[in-house]
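First comes the structure, then the notes that go with it.
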Amino acid sequence: MRPSPLQDVLPRPKNPLFSFIIPAYAEEKNIATFLMALKDALDHLSIRYEIITIDDGSPDNTAKFMRETAQKIPMKCVLFSRNFGKEQALTAGLKYASGDAAILMDADFQHPFQTIEEFINHWRQGYDIIYGIRVDRGHDGYLRRSFTYVFYKLLNWIAKIPIEPNAGDFRLLDRKTIDALNTLPERTRFMKGLYAWVGFNSIGIPFDVVERQAGQSSYSLTKLSNLAAIGLTSFSTLPLRIAMLVGLLTSCVALSYGSWIVLRALLFGVDLPGWSTLVAAVLFLGGIQLIAMGILGEYISHIFTEVKRRPHYIVSEVYDSLESTSQRSHA
Ligand code: UDP
Ligand code: MG
């Protein structure tokens, strides 16, 4: 994130095209009404736009309703072969986007249409990334809010790049930023970190999170913890360093204590008490070793996923209502 004085920015194109990217998973109750409402809101703004919606392998009728809506309004539907996760759905959306800028929005009405105009105005002023800052996370529940708070504190502490805690995926990305994100090959993706990593002029715009219209959040605490682990280990190797430092520190303590025991035995003769100290030390060291191995394992699992070089996602079908074609393809 580089809040910058906006001198020397190239003028924006005269009649820009905006790509709206909408990932959807199990949104059968929202998707059709959302896409229609989005179209209405965009028509009012009098802008040139394209809508790209990604069905992330929903187990319900999301894809069916998407296709039906695509017969009423011009849009592109990208259907995944299974659920690959929101990060991959957004990645696909950015690959398919052909606009001068892209706007990422959730399909559950949580991101208000009114903010779009503000995003676009800031883009015209020269900002390359305009992200929404959630003013009130009241809908999230206490546990999730606390979890998110601790996670971002930890992430900002260990990662070299500052990541805005209350910003999510609701944002506008300029073509430069989209191209930069499209060059990043990693499979274990934490988009919020990647937006920050690519840099560029960024600005946050506060917005009120709206209550989810229907259905429920796909992010359980387990799913959030997975994403958190990816986020923490994708942007820094500091956890490995900390594990090494803790190892060094305990070795120093163990060495001093060992020397003291030897010295005491030499000076005062051998005695046997100290069993409980021994057990405590063994357990403590065992614990530290397991934690260190866990941290190491997390990084190795990233390497494992990356070296396989599998595609980020598999597309089973692309439906483009403008071309009125449906292609079965792989990405
Ligand atoms: N989503 C997705 N793939 C998933 C989970 C979610 O594409 O595996 C989409 C979902 O349909 C919605 C957006 O990502 O459009 C945000 O998801 P959700 O509302 O469940 O998350 P929350 O708003 O609670 O963070
Ligand atoms: Mg939501």
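The values are calculated or read from the model by the stated rules, or taken from the named source; none is laboratory data. Note that the structure is predicted; figures quoted are calculated from it, not measured. Because the Cβ atoms are built from the backbone with ideal geometry, glycine has one as well, and the counts that use them run over all protein chains shown. Calculation scope for accessible area: heavy atoms of the full protein, side chains included, ligands and nucleic acids excluded. Shrake-Rupley method; radii C 1.70, N 1.55, O 1.52, S 1.80 Å.
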Worksheet item: Can you tell me how many residues in region 98-110 are more than 9 Å from ligand 1 (Cβ to nearest atom) and buried (at least 20 other Cβ atoms within 10 Å of the Cβ)?
Response: 5
Practice prompt. Considering each of Ile54, Ile73 in turn, give the residue that is surrounded by fewer than 22 Cβ atoms within 10 Å (Cβ to Cβ) and β-branched (Val, Ile, Thr).
Written response: Ile73
Worksheet item: Among (1) buried (at least 22 other Cβ atoms within 10 Å of the Cβ); (2) more than 10 Å from ligand 1 (Cβ to nearest atom), where does Gln114 come up short?
Response: (1)
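Quick grid of which residues meet (1) within 16 Å of ligand 1 (Cβ to nearest atom); (2) at pLDDT 95 or above; (3) out of contact with any Lys or Arg (no Cβ under 9 Å at 6 or more places or on another chain):
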| position | (1), (2), (3) |
| --- | --- |
| Val9 | no, no, yes |
| Arg12 | no, no, no |
| Ala41 | no, no, yes |
| Ile47 | no, no, yes |
| Gly57 | yes, no, no |
Discussion item. Tell me yes or no: at least one residue of region 89-97 is within 16 Å of ligand 1 (Cβ to nearest atom) and either over 18 Å from Tyr195 (Cα atoms) or of a type in the set (S, T, N, Q) (or both).
Written reply: yes
Practice prompt. Mind listing whichever residues of region 265-290 are of a type in the set (Val, Ile, Thr) and either farther than 21 Å from Leu232 by Cα or at pLDDT 85 or above (or both)?
Written response: Val270, Thr277, Val279, Val282
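Got a number for residues in region 198-209 being open to solvent by 60 Å² or more (accessible area, probe 1.4 Å) and at pLDDT below 90? Let's see the steps before the verdict.
Here is the first cut: in region 198-209, the residues open to solvent by 60 Å² or more (accessible area, probe 1.4 Å) are 206, 208.
Next, from what is left, pick out any that are at pLDDT below 90: 208.
Total satisfying the criteria: 1.
Would you confirm whether any residue within region 89-97 is among the β-branched types (Val, Ile, Thr) and touching a residue at least 60 places away in the same chain (Cβ under 8 Å)? Outline the logic, then answer.
Restricting attention to region 89-97, the residues satisfying the condition of being among the β-branched types (Val, Ile, Thr) are 91.
Cutting the leftovers down to touching a residue at least 60 places away in the same chain (Cβ under 8 Å) gives us 91.
Yes, that holds for at least one residue.
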